[in-house]
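Below is one structure; the comments refer to it alone.
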Amino acid sequence: MLPEELAQKINDETKPPLIMGILNVTPDSFYDGGRYSRLDRAVARVEQMIEEGADIIDVGGESSRPGSDPVTLEEEVRRVVPVIEELRKRFSDLAISVDTYKAAVAERALEIGVSMINDISAGRFDGRMYEVMVRYKPVAVLMHMKGTPKDMQKNPVYEDVVSEVYAFLEERKNALVDLGFPKDRVVVDYGIGFGKRLEDNLALIANTHVFSEIAPVLVGPSRKSFIGMVLDLPPEERLEGTLAAVSIAVYNGARILRVHDVKESKRAALLAWEIANVGRKVFKV
């Protein structure tokens, strides 16, 4: 799928939000690390997610879980490029995203047909990232994170998390657009679990609609630790909590949900969207 086609789908608020299926080709991701590091398993998993209704597949070659160490450029390329090449060959119309903050990885992925760059640093970790985005003009996801994955959960503090994250994302979007990037291809992500306390995560989800003023919003709550904190459950038992977070985010305007559980999340998102968009029109208060 071409970036302009994907951007049009994301921006079409008359249609339900899009589901982004997570494909971690890493050995150490917090929930599914190691499951899809082999090419055949990765492709089989993508086939399953497409059947379950995924609109976008997000391929990641470096874990960003709290405390994780970075991998080399060469290793990340080795992990993601063969998978993207195989997916592009098998699924010609599939919208593929690459989850990376390295400009060289993004550039290589764009050359072989991805439509979206999902950058957890919003262009801060690699000075060439915005240059690459402007040259290729993919859909660009800009995410907020305090610190780095290695240290982001070491006592993060905010006075007003919503206004502080809003200001950051607005600044990063404007910086990219000022370089000549199409503003209708920018997506923002307030970064659930990335340098956030429990109360910060809850406040951001509850205020998703605020961030829609900047750009369409991607929300990634899938099986994250804030759910475990509230429900006292390990990652493998956080599906119901994920669906609750997905539903509230969609009700508040999220346009993309980044999830492990595609089928369940798509169903929850569709109902939440219908309530928000049809229910509100039936009875105007």
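The values are calculated or read from the model by the stated rules, or taken from the named source; none is laboratory data. All figures in this text were calculated on a predicted structure; none of them were measured in a lab. Note: ideal-geometry Cβ built from the backbone for every residue, glycine included; neighbour counts use all protein chains shown.
Within the stretch 88-121, the residues that satisfy the criterion of being in a helix (DSSP H, G or I) and crowded, with 24+ Cβ neighbours inside 10 Å are Val105, Ala106, Ala109.
Listed by first and then second residue, the pairs linking a residue in the stretch 57-77 that is assigned to a loop (DSSP other than H, G, I, E, B) to a residue that is among the basic types (Lys, Arg), with Cβ atoms under 6 Å apart and 6 or more places separating them unless they lie on different chains, are Gly61/Arg79.
Which residue, of Asp32, Asp40, Asp28, Asp69, is over 30 Å from Ile227 (Cα atoms), of a type outside the set (A, V, I, L, M, F, W, C) and modelled with pLDDT under 90?
Asp40
Checked against (1) of a type in the set (A, V, I, L, M, F, W, C); (2) touching a Gly at 6+ places or on another chain (Cβ under 7 Å); (3) not in a helix (DSSP H, G or I), Val134 passes all but condition (3).
Is it the case that some residue within the stretch 164-177 is over 30 Å from Glu236 (Cβ atoms) and of a type in the set (Lys, Arg)? Spell out the reasoning first.
Taking the stretch 164-177 first, the residues over 30 Å from Glu236 (Cβ atoms) are 164, 166-177.
From the residues that got through so far, the ones that are of a type in the set (Lys, Arg) too are 172-173.
Yes - at least one qualifying residue is present in the stretch 164-177.
Mind checking which residues of the stretch 182-195 are assigned to a loop (DSSP other than H, G, I, E, B), out of contact with any His (no Cβ under 6 Å at 6 or more places or on another chain), buried (at least 19 other Cβ atoms within 10 Å of the Cβ) and at pLDDT 95 or above? Of everything in the stretch 182-195, just one residue is assigned to a loop (DSSP other than H, G, I, E, B), out of contact with any His (no Cβ under 6 Å at 6 or more places or on another chain), buried (at least 19 other Cβ atoms within 10 Å of the Cβ) and at pLDDT 95 or above, namely Ile192. Of all the criteria given as (1) in a loop (DSSP other than H, G, I, E, B); (2) modelled with pLDDT of 90 or more; (3) surrounded by 14 or more Cβ atoms within 10 Å (Cβ to Cβ), the one not satisfied by Thr14 is (3). When Arg223 is tested against (1) more than 15 Å from the chain's Cα centre (by Cα); (2) more than 27 Å from Leu176 (Cβ to Cβ), just one condition goes unmet, and that condition is (1).
Screening Lys173, Lys154, Lys183 for residues that are without any contact (Cβ under 8 Å) to a residue 40 or more places away in the chain, among the charged types (D, E, K, R) and closer than 19 Å to Ile10 by Cα leaves exactly one candidate, Lys183. Residues that are in contact with a helix residue (DSSP H, G or I) (Cβ under 6 Å, 6 or more places away or on another chain) and in a loop (DSSP other than H, G, I, E, B) were ranked within the stretch 230-252; the one that is farthest from Asp200 (Cα to Cα) is Arg238. Cβ-Cβ contacts under 6 Å between residues 6 or more apart (or on different chains), taken from a first residue in the stretch 216-238 that is of a type in the set (Val, Ile, Thr) to a second residue that is in a helix (DSSP H, G or I), are listed as Val217/Thr208; Val217/Phe211; Val219/Ala249; Ile227/Gly241.
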